[in-house]
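Computed from the coordinates by the stated procedures, all read-outs in this text should not be read as laboratory data. All figures in this text were calculated on a predicted structure; none of them were measured in a lab. With ideal geometry, Cβ positions are generated from the backbone for all residues, glycine too; neighbour counts draw on all protein chains shown.
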DNA sequence: TGGTGTATGTTATAACATAACAGGTTTGCA
DNA sequence: TGCAAACCTGTTATGTTATAACATACACCA
């Protein structure tokens with residue numbers, strides 16, 4: 001896992017992390033949602049990299065830090081963060097990533113590198129499907145858009 | 001579960017089913033892939049409706065018919081059918097649906113009714129994400145596009 | 001006849017997720 | 001002050017989804 005990637009280009013991750021945390025604090029405060037220690041820590045753990053982590057990987061970290069050892073602890077914190085839009089679930093992987101564009105309009109699309117596991121977030125705007133849905137009378141409430149493939153770094157690295 | 005739905009409009013399902021089966025037989029024959037009894041039966045079961053079924057639901061049917069009772073039996077048949085493009089996996093639901101457009105170009109998008117479970121298949125063509133990916137140098141190999149919401153019938157039926 | 005490839009059968013377990021209940025803290029209000 | 005409501009956390013137990021690994025069977029053909 002090489003991932004320290006946003007949009008697969010290098011970036012100042014410390015800054016990325018800090019601003020995400022600040023944003024989380026302020027949006028939770030604004031909404032009266034409680035960013036408790038466990039929730040905050042889960043967010044921090046996910047923010048360490050732009051790779052997706054499984055709930056049980058997060059739980060292992062929490063356990064190591066004495067913050068909880070049972071599945072519901074991790075799942076509850078993750079659900080909260082997903083509800084607040086601070087974390088996204090990657091269906092394809094049954095895993096979670098910190099939101100890369102906190103605060104921004106949200107209907108995210110993801111590019112997932114099958115080699116290094118990096119996940120880049122983009123805006124979805126699947127107009128094509130939106131039109132089809134409208135024509136069929138289908139009322140879209142949520143969309144999942146996930147592309148799997150190879151990030152630039154892993155293309156050069158060989159097919160591995 | 002009301003689903004007997006393709007694109008959420010009524011249709012001649014018997015015909016739909018028959019043509020899908022014929023298509024499956026001919027494409028497998030053309031490729032030298034073996035459409036064995038278990039595989040065929042799984043396809044038939046999925047073709048009964050346009051709703052998604054979990055692997056264990058399919059397995060229960062197989063078991064009732066004496067065709068196998070252990071998870072790998074169902075998962076192997078489903079993997080085969082997915083590889084052949086005859087069945088699609090709905091990531092959001094950890095479930096499977098028979099392909100509604102067998103033979104056609106494939107990069108499907110789905111509309112999933114959260115009320116009745118019906119699944120309609122459309123063409124994906126997420127140009128927006130394709131452009132973003134190209135710009136980022138990301139090489140897309142597969143895409144998952146799934147919209148969850150309410151089908152026309154379930155919108156009238158109330159929010160339930 | 002024996003080897004190769006493919007499919008099936010079975011055991012066991014891994015990986016992901018949640019229901020349900022118990023206990024603690026905070027808040028607000030009578 | 002005392003109580004109730006709301007919310008968060010801890011824990012048990014279990015449910016659900018998925019696969020690794022190994023054994024058996026059968027078909028084809030050199």
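Run down A:135, A:125, A:153 and say which single residue is away from DNA strand D (no atom under 16 Å from the Cβ), surrounded by fewer than 21 Cβ atoms within 10 Å (Cβ to Cβ), at positive phi and within 11 Å of chain B (Cβ to nearest Cβ). Among A:135, A:125, A:153, only A:125 is away from DNA strand D (no atom under 16 Å from the Cβ), surrounded by fewer than 21 Cβ atoms within 10 Å (Cβ to Cβ), at positive phi and within 11 Å of chain B (Cβ to nearest Cβ).
Can you confirm whether residue B:10 is away from DNA strand D (no atom under 15 Å from the Cβ) and within 14 Å of chain A (Cβ to nearest Cβ)? When the stated conditions are applied, residue B:10 passes them. Comparison of B:35, B:59 shows that the only residue that is at negative phi and in contact (Cβ under 8 Å) with a residue 12 or more places away in the chain is B:59. Only one of the numbered conditions (1) more than 21 Å from residue B:121 (Cα to Cα); (2) within 16 Å of DNA strand C (Cβ to nearest atom) is violated by residue B:26, and that is (2).
One residue stands out among those in the stretch B:92-122 that are more than 9 Å from chain A (Cβ to nearest Cβ) and in contact with a helix residue (DSSP H, G or I) (Cβ under 6 Å, 6 or more places away or on another chain): the one that is nearest to residue B:58 (Cα to Cα), which is B:96.
Test residue B:77 against the stated conditions and say whether it is more than 20 Å from residue B:92 (Cα to Cα) and outside any loop (DSSP other than H, G, I, E, B). Judged against the criteria, residue B:77 is a match.
Here the condition is being under 12 Å from the mean Cα position of the chain (by Cα) and away from DNA strand D (no atom under 14 Å from the Cβ); of A:26, A:19, A:49, it holds for A:49 alone. One residue alone among A:115, A:57 is in a helix (DSSP H, G or I) and away from DNA strand D (no atom under 16 Å from the Cβ), and that residue is A:57. Would the stretch B:63-81 turn up any residue that is crowded, with 20+ Cβ neighbours inside 10 Å and within 13 Å of another protein chain (Cβ to nearest Cβ)? No; the residues of the stretch B:63-81 include none that is crowded, with 20+ Cβ neighbours inside 10 Å and within 13 Å of another protein chain (Cβ to nearest Cβ).
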